[in-house]
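Participant: Sharing a structure here in structure tokens format.
What follows draws every value from the coordinates through simple rules; no lab data is involved. Quantities reported herein were computed from a predicted structural model and do not represent experimental measurements. Positions of Cβ are generated from backbone atoms using ideal geometry, with glycine treated the same way; all protein chains shown enter the neighbour counts.
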Amino acid sequence: MAAGTWTWVAGNKVKLFDGTFGAITGSNAYKIALFNNSWAVTTTIYSTTNEISQAYGYLTGGVQVTLTAVETTGTVKVTTATAVSWTASGGTITARYAVLYKATSTFDIMCYCLLDSAPADVATTTGNALTLTMNASGIYTLS
């Protein structure tokens, strides 16, 4: 599935410039986790509240991603090099949001996207993969 538009969490945009998020390489780790329909889009710090349960091929905390930044004609695009995927095993993985957060020290949430624009939950049954492919415009751009 193609991820929807990534939305910055209100109140966390300044953290891109005040050093909280830090470099997207090196000792800073970033993860994408899945959350249910009760997750509040105003949440600024990662916690397991309303993260989907660790079961059926999903591990609490999500998966680590490698972010890359590319500048073309004055616009910087930040994205991941590869798609993120979870394979359902023994049950169904059901989620509504994907959340990108800093997984070292501060655990600040950078941004999130809806997995279905309706919005509706996305269910992935046993033997199938929930694959999150980044939008062609990236996770975010800075012009």
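Participant: Ordered by residue, what ³J(HN,Hα) values in Hz, to whole numbers, does region 59-73 give under the Karplus form 6.51 cos²θ - 1.76 cosθ + 1.60, where θ = phi - 60° and Gly and Pro are x?
Facilitator: 10, 3, x, x, 10, 6, 10, 9, 8, 10, 10, 10, 9, 9, 6
Participant: Once the other residues with Cβ under 14 Å from the Cβ of Arg96 are scored (Lys, Arg +1; Asp, Glu -1), what is the net sum?
Facilitator: -3
Participant: Using the eigenvalues of the Cα gyration tensor, what equivalent ellipsoid semi-axes result for region 71-143 when each is taken as the square root of five times the eigenvalue, whole Å, largest first?
Facilitator: Gyration-tensor ellipsoid for region 71-143: 27, 15, 12 Å.
Participant: For Lys13 and Thr60, FRET efficiency with R0 = 25 Å and r from the beta-carbon atoms, rounded to 0.05?
Facilitator: 0.40
Participant: Would you pull out the residues with amide H under 5 Å of Gly57's amide H, same chain only if 5 or more places away, H placed 1.01 Å from N?
Facilitator: Ser89
Participant: From the backbone phi of region 98-115, what are the Karplus-calculated ³J(HN,Hα) couplings (6.51 cos²θ - 1.76 cosθ + 1.60, θ = phi - 60°) in whole Hz, Gly and Pro given as x?
Facilitator: 10, 10, 9, 9, 6, 9, 10, 6, 8, 6, 6, 7, 7, 7, 8, 9, 6, 7
Participant: Could you tell me the number of lysine pairs in the chain with C-alpha atoms less than 16 Å from each other, where the two lysines are 8 or more residues apart or belong to different chains?
Facilitator: Summing the qualifying lysine pairs gives 4.
Participant: Counting only residues 5 or more places away or on other chains, whose amide H sits under 5 Å from the amide H of Ser85 once H atoms are built in the peptide plane?
Facilitator: Here the answer is Leu132, since their amide H atoms fall under 5 Å of that of Ser85.
Participant: Which whole-Hz couplings ³J(HN,Hα) result when phi for each residue of region 137-143 is put into the Karplus expression 6.51 cos²θ - 1.76 cosθ + 1.60, θ = phi - 60°, listed in order with x for Gly and Pro?
Facilitator: Result, ordered by residue: 7, x, 6, 7, 10, 10, 10 Hz.
Participant: What number comes out for the charge environment of Leu67, summing +1 per Lys or Arg and -1 per Asp or Glu over other residues with Cβ under 11 Å away?
Facilitator: So the environment of Leu67 carries a net charge of +3.
Participant: Taking H placed 1.01 Å from N in the peptide plane, check which residues at least 5 places from Tyr30 or on another chain put their amide H under 5 Å from its amide H.
Facilitator: Excluding prolines and chain starts, which carry no amide H, the hits are Val65, Ala103.
Participant: Now, a different point. Could you estimate the translational diffusion coefficient of region 56-95 from the Stokes-Einstein equation, with Rh from the Kirkwood formula over C-alpha pairs, at 37 °C and 0.692 mPa s, in whole µm²/s?
Facilitator: Calculated translational D: 260 µm²/s.
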